[in-house]
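I have placed the structure first, in the form of structure tokens, so that the comments after it can refer back to it.
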Amino acid sequence: MLTPSLKTHRFTIRAFTAADLELFTHYRSQPEVAKYQSWSDFNYADALSLFEKMDYQNFGVVGAWYQLAIADCESDILLGDLAVHFIDDEQVEIGFTIAPANQQKHVAKEAAVALLGYLFNTLNKHRVVATTDAQNVASYRLLESLGFRREAHFRQNIFFKGAWGDEYQYAMLRTEQATA
Ligand SMILES: CC(C)(COP(=O)(O)OP(=O)(O)OC[C@H]1O[C@@H](n2cnc3c(N)ncnc32)[C@H](O)[C@@H]1OP(=O)(O)O)[C@@H](O)C(=O)NCCC(=O)NCCS
């Protein structure tokens, strides 16, 4: 299946193109964006390598991660991205990163609502999960405002950037989507 292009009121959610990589590198390399993420430094070569590995022609392969661009629907300028991981045939993990200048403007929320609609209503997935650092207030507030349930608080389950850290796991079932 091809990677979808989803339209929202303000955004297009689509596959990345080479033209997005400069902005992608710029926001990923900012310390406040990297703080709770798997990377510390991020450069253009990292962005290019991630982009080249992405199989956008075969969206939905179990085990694979896909990075989706959130772009302004008029200018097509990159504002942030969504990450989608197909855990198995029925369950999907998602993640979010929004460029600092675009944060707290409901960019992640509007994009995630569209993605959840696509995953549940078009692909008919059963359950969507997300894991976040327990100190990442923006991330867990976003998940709660989308209607995700906190299912777990893992205590010091991850040795992360020099210290043991806690994580929350959140989930939403297809049957819970309407209440979100
Ligand atoms: C987490 C992140 C994606 C949120 O994106 P965003 O576009 O700023 O979030 P939104 O504007 O859509 O906000 C969604 C909700 O979260 C709340 N929220 C967002 N940022 C917040 C913050 N810093 N503090 C408290 N609440 C916050 C909003 O108030 C909103 O709640 P509401 O629906 O009740 O109004 C963004 O902060 C980010 O990219 N952080 C860096 C990368 C990261 O850590 N990603 C998560 C990894 S798991």
Within the range 82-118, which residues are touching a Lys or Arg at 6+ places or on another chain (Cβ under 7 Å) and of a type in the set (Asp, Glu)? Glu90, Glu110
Scan Val129, Val84, Val62 and give me the residue that is over 15 Å from Ile13 (Cβ atoms) and more than 12 Å from the ligand (Cβ to nearest atom). Val62
The range 99-151, residues that are among the polar types (S, T, N, Q) and either in contact with a Leu (Cβ under 8 Å, 6 or more places away or on another chain) or within 28 Å of Thr25 (Cβ to Cβ) (or both): Asn102, Gln103, Gln104, Thr131, Thr132, Gln135, Asn136, Ser139
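Conditions tested, residue by residue: (1) closer than 22 Å to Ser29 by Cβ; (2) of a type in the set (A, V, I, L, M).
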position	(1), (2)
Leu48	yes, yes
Asp55	no, no
Val61	no, yes
Ala69	yes, yes
Asp72	yes, no
Ile77	yes, yes
Asp88	no, no
Could you tell me which numbered condition Leu119 fails, if it satisfies all but one of (1) surrounded by 15 or more Cβ atoms within 10 Å (Cβ to Cβ); (2) within 13 Å of the ligand (Cβ to nearest atom); (3) not aromatic (Phe, Trp, Tyr)? (2)
Mind counting the residues in the range 102-113 that are over 11 Å from the mean Cα position of the chain (by Cα) and either near the ligand (Cβ under 6 Å from one of its atoms) or in contact (Cβ under 8 Å) with a residue 60 or more places away in the chain (or both)? 7
Assess whether Ala69 counts as being surrounded by 13 or more Cβ atoms within 10 Å (Cβ to Cβ) and either in contact with a strand residue (DSSP E or B) (Cβ under 7 Å, 6 or more places away or on another chain) or not charged (D, E, K, R) (or both). yes
When the residues of the range 167-180 are narrowed to those that are within 12 Å of the ligand (Cβ to nearest atom) and in a strand (DSSP E or B), which ends up farthest from Ala134 (Cα to Cα)? Tyr170
Is there any pair with a first residue in the range 143-166 that is within 30 Å of Ala114 (Cβ to Cβ) and within 16 Å of the ligand (Cβ to nearest atom) and a second that is of a type in the set (Asp, Glu) and outside any strand (DSSP E or B) whose Cβ atoms are under 7 Å apart and which are 6 or more apart or on different chains, and what are they? Gly147/Glu176
Does the range 32-46 contain any residue that is farther than 30 Å from Lys161 by Cα and over 17 Å from the mean Cα position of the chain (by Cα)? no
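Every number in this text was worked out from the coordinates using simple rules, so none of it is lab data. Keep in mind that this is a model prediction, so the values were computed, not measured. Quick reminder, even Gly has a Cβ in these numbers, built from the backbone with ideal geometry, and neighbours come from all protein chains shown.
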